Amino acid sequence: MSNNLVIVESPAKAKTIKKYLGKDFEVLASYGHVRDLVPKEGAVDPTHDFRMRYELIERNEKHVDAIERAMKKAGTLYLATDPDREGEAISWHLHEILKERGVLTDKPVYRAKFFEITKKEIQAAIASPEKLSTALVNAQQTRRALDYLVGFNLSPLLWKKIMPGLSAGRVQSVALRLICDREAEISAFLRQEYWTLDVDAEKGGQAFKARVVEVDGRKIEADVAKSRFTLTNESSAREAEQKLLAACAGKLKVAAVESKPRSRSPQGPFRTSTLQQAAANRLGFSARKTMQLAQKLYEGVDFGEGPVGLITYMRTDSTSLSADAITQIRETIGSMYGADSVPKEPRSYANKQKNAQEAHEAIRPTSAENTPDKIRGHVDEDMWRLYDLIWKRTVASQMTNALFEQVTVTLHPGQGTTPPVGVIRASGSTLIKPGYLAVYEVDRNDDDESEDGSRLPALAVGDVAALVALRPEQHFTEPPPRYTEASLVKALEERGIGRPSTYASIIETLRGRKYVEDERRNFVPTDTGKIVSSFLVRFFPQYVDYAFTARLEDDLDDISRGDKEWLPVMHQFWKPFIERVRDIEKTVSREEVAQARQLGTDPASGRPISVRVGQYGPFVQIGTKDDDEKPKFAGLRPGQKMDSITMEEALKLFTLPKALGELPSGEGVSVGIGRFGPYVKYGSKYVSIKIDDPYTLEFPRALELIEEKAAADAARLIRDYGVDNIQVLNGRFGPYLTDGKRNARIPKDREPTSLSLAECRELIAAAPLRGTTRFGRKKGAPAKGAKAAPAPAAEATPKAAKKKAVAKPATKKAPAKTSARKKKTAG
């Protein structure tokens, strides 16, 4: 057995690293986090200095046991998990578990950190190990405790005041507020009309475009950013058009030509957030997909000689590059693009993130010599596209500027009267030297200012160009755009909310909770999302405040550097927060939160019609709870919104169920919407409507659906005993026996049709009622004696686990520990 044990997170990484360390080292994977907070109330105990109770994550129990067995035989432990807070926490948890199990006695334990999986980096990390960072562990644990306390206390409040199944999170809810605030801006936006006078001209057979900037000494403004417009209606635009047409007489005279060089610098190499933004804009990847692909590129790809890491660690706030990397990149640029593409001095980029860790590098290829062409065919297409993006951005960041010649031409109407009736301006640019653009083309969604790439003909002062057309163009100001994944990540980072490594999971949570919908890659808040956000902004304004959330992130960063203790931060947050939760729980009613909107009066009953949110989502209501007659309810249809549904649309919701006709047997046929969606009913039977609109469904189509259902049922029926509804049916997993109340398995050694009626009755009697387990409990119900606990919010949801809890020793004033080891069962 190897004398040295190295622990990393993933088996792919373990395989790569094993190759670099040789036979004296055993490399095992923890498969991610090994412990989490217990999934019930009391996991974080504010009354005992926020003592945290942990338990082993069930799915990783066997991996921890394997690590324990290996450690019994090893002499030295190297904890080589990722070089960030999460990685530090995994290492700390493993250290605590192994120490409690008694396998670390008199054995040295080291922390090995590396930022790229290459032979040189791995061997250097093992040769110069560090100690576990208590500060980093405390920062991660504080973040985890805060997320747990927010989720575990706010989410149940949302269930009580709005509807079950909702969640709130410390960062998730602020991201939702950003999306909802933007939607409110769009709804409140008032379009403003303005006009421009665009010119089509021609000189020497080459067409070019220009724009009128002045008429009769009056500047023609069309500044959308400042909302300054000169021509605000068609009549003023037409008046200016006629005046200029008369003065031009089909000609434009060049009054001035200004030419000046312009230089553009490359962007810095990627950090986590800018990679997510560029991959979304250029490749159409979600933040989650980008991070999954980057993880694979980091952990290693096999080129035939074993796996090798292709990029550096992908969770970083830094834009720094190591001196060795810069030297190799400059050599690659010289050999591939020529010496004149290499700047005299290496470029450096200031880190815009105030808490960026300079020890980390930007996301870059581990070797610039591994060009995209070289790795193509060794990875799947999406991995290649992401690597291609990273390689090009990194190489471009060390190349020379792109040089342009910017030309601005001023023209006057006609032969150039003094003073001119109008001023017309054309501009264009010519790329003189591509520099970094030879590698990394500018994207219109990137941070760079866009260049006007239009080409102008050769023009000199005194030249006359032909006026082809003068076009008054109507425009309207546009509301601010909805957030995309890329722009939401950018907005969160600019405000200092959350950390780039968490953005992907935050976005997925918003989708998973159905707080937002994707509409042409734009985030649109759902009615549920709007109500949750409105509730939090109204009753918990401080905790969804952008500045407050950013300051809390700063506190976490201070803790990670050892500049702050974690307990004071927890106490400062907790007391006012829980007091607010308890106050809102007592003083705010569901009616205050429902955000009812009055639509009008029901013409049939004279009762009010409103739209509001309830336990099962948004619905329309006729009447009130105080009426003698019970209110009527109808859920909104897909695509309908609470803030836009009309009275006519609301009334249509109450037209179902409706009778369509009768079958020859005399059974009535009707259409309606039930708990499980739209249906056609005939007699006591139902047919689900999958595609058709139930509100427009006609009797002939209903008959077709009934016939299709009958054919499907006939194909499903193997045998009907004609007694007590006992049948043998074909199911998803093969034939089974049923009487409509209980489903029974058919013995494997029997043909389904060979069972006697007595045997069927015996099998059915032994089967559980539908909707219960074989022990007679309802599905999802806890076992006898077990205590059910609500699951916390998505940001604070612990992973499933079984092990006995332990307390977190975080600082000098750490609470006592209890055993993390669960008794092994026999066998």
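The values are calculated or read from the model by the stated rules, or taken from the named source; none is laboratory data. Given the structure is predicted, the values throughout are model-derived calculations rather than measurements. Positions of Cβ are generated from backbone atoms using ideal geometry, with glycine treated the same way; all protein chains shown enter the neighbour counts. For accessibility, only protein heavy atoms count, side chains too; no ligands or nucleic acids. Shrake-Rupley method; radii C 1.70, N 1.55, O 1.52, S 1.80 Å.
Number of residues in the range 1-35 that are of a type in the set (D, E, K, R) and open to solvent by less than 20 Å² (accessible area, probe 1.4 Å) equals 2. The residue that is nearest to D147 (Cα to Cα), counting only those in the range 564-591 that are among the acidic types (D, E), part of a helix (DSSP H, G or I) and open to solvent by 80 Å² or more (accessible area, probe 1.4 Å), is E579.
The residues of the range 156-176 that are buried (at least 23 other Cβ atoms within 10 Å of the Cβ) and either among the basic types (K, R) or free of Cβ contacts under 8 Å to residues at least 24 places away in the same chain (or both) amount to a single one, R170. Of all residue pairs spaced 6 or more apart or on separate chains, those with beta-carbon atoms under 8 Å, a first member in the range 381-402 that is aromatic (F, W, Y) and a second member that is part of a loop (DSSP other than H, G, I, E, B) are Y387/L310; W391/A368; W391/N370; W391/T371. Given the criterion in contact with a His (Cβ under 9 Å, 6 or more places away or on another chain) and open to solvent by 10 Å² or more (accessible area, probe 1.4 Å), identify the matching residue among A207, A222. Going through A207, A222 in turn, the sole match is A222.
Of all residues assigned to the range 203-212, none qualifies as being among the basic types (K, R) and part of a loop (DSSP other than H, G, I, E, B).
Filtering the range 629-641 for residues that are modelled with pLDDT under 95, on the phi > 0 side of the Ramachandran plot and open to solvent by 70 Å² or more (accessible area, probe 1.4 Å) leaves a non-empty set.
Here the condition is being surrounded by fewer than 18 Cβ atoms within 10 Å (Cβ to Cβ) and assigned to a strand (DSSP E or B); of A255, A246, it holds for A255 alone. Those helices (runs of 4 or more DSSP H) of the range 263-338 in which at least 2 residues are of a type in the set (S, T, N, Q) and closer than 26 Å to D518 by Cα, considering only elements entirely within it, cover 272-278, 287-299.
For every residue, the table says whether it meets (1) in contact with a strand residue (DSSP E or B) (Cβ under 6 Å, 6 or more places away or on another chain); (2) modelled with pLDDT of 90 or more; (3) more than 23 Å from W566 (Cβ to Cβ).
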{"position": "M1", "(1), (2), (3)": "no, no, yes"}
{"position": "D36", "(1), (2), (3)": "yes, yes, no"}
{"position": "D49", "(1), (2), (3)": "no, yes, no"}
{"position": "S91", "(1), (2), (3)": "yes, yes, no"}
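Looking at the structure I just gave you, is E759 at pLDDT 85 or above, open to solvent by 80 Å² or more (accessible area, probe 1.4 Å) and out of contact with any His (no Cβ under 9 Å at 6 or more places or on another chain)? No.
Residues are listed down the side, and each one gets a yes or a no for (1) touching a residue at least 24 places away in the same chain (Cβ under 8 Å); (2) within 20 Å of M291 (Cα to Cα); (3) open to solvent by 50 Å² or more (accessible area, probe 1.4 Å); (4) not in a strand (DSSP E or B):
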{"residue": "P479", "(1), (2), (3), (4)": "yes, no, no, yes"}
{"residue": "Y483", "(1), (2), (3), (4)": "yes, yes, no, yes"}
{"residue": "S501", "(1), (2), (3), (4)": "yes, yes, yes, yes"}
{"residue": "V524", "(1), (2), (3), (4)": "yes, no, no, no"}
{"residue": "F535", "(1), (2), (3), (4)": "yes, no, no, yes"}
{"residue": "R538", "(1), (2), (3), (4)": "no, no, yes, yes"}
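If you check A201, A207, A246 for being in contact with a strand residue (DSSP E or B) (Cβ under 6 Å, 6 or more places away or on another chain) and either of a type in the set (A, V, I, L, M, F, W, C) or in contact (Cβ under 8 Å) with a residue 24 or more places away in the chain (or both), only one passes: A201. Would you confirm whether any residue within the range 677-695 is under 26 Å from I622 (Cα atoms) and either open to solvent by 70 Å² or more (accessible area, probe 1.4 Å) or part of a helix (DSSP H, G or I) (or both)? No: zero hits.
Filter the range 1-55 down to the residues that are small (G, A, S) and not in a loop (DSSP other than H, G, I, E, B), then identify the one that is farthest from A70 (Cα to Cα). Here the residue is A12. If I filter the range 220-236 for residues that are in contact with a strand residue (DSSP E or B) (Cβ under 9 Å, 6 or more places away or on another chain) and over 19 Å from T477 (Cα atoms), do I get at least one hit? No, that holds for no residue. Within the range 113-155, the residues that satisfy the criterion of being touching a residue at least 60 places away in the same chain (Cβ under 8 Å) and of a type in the set (K, R) are K119, R143, R144.
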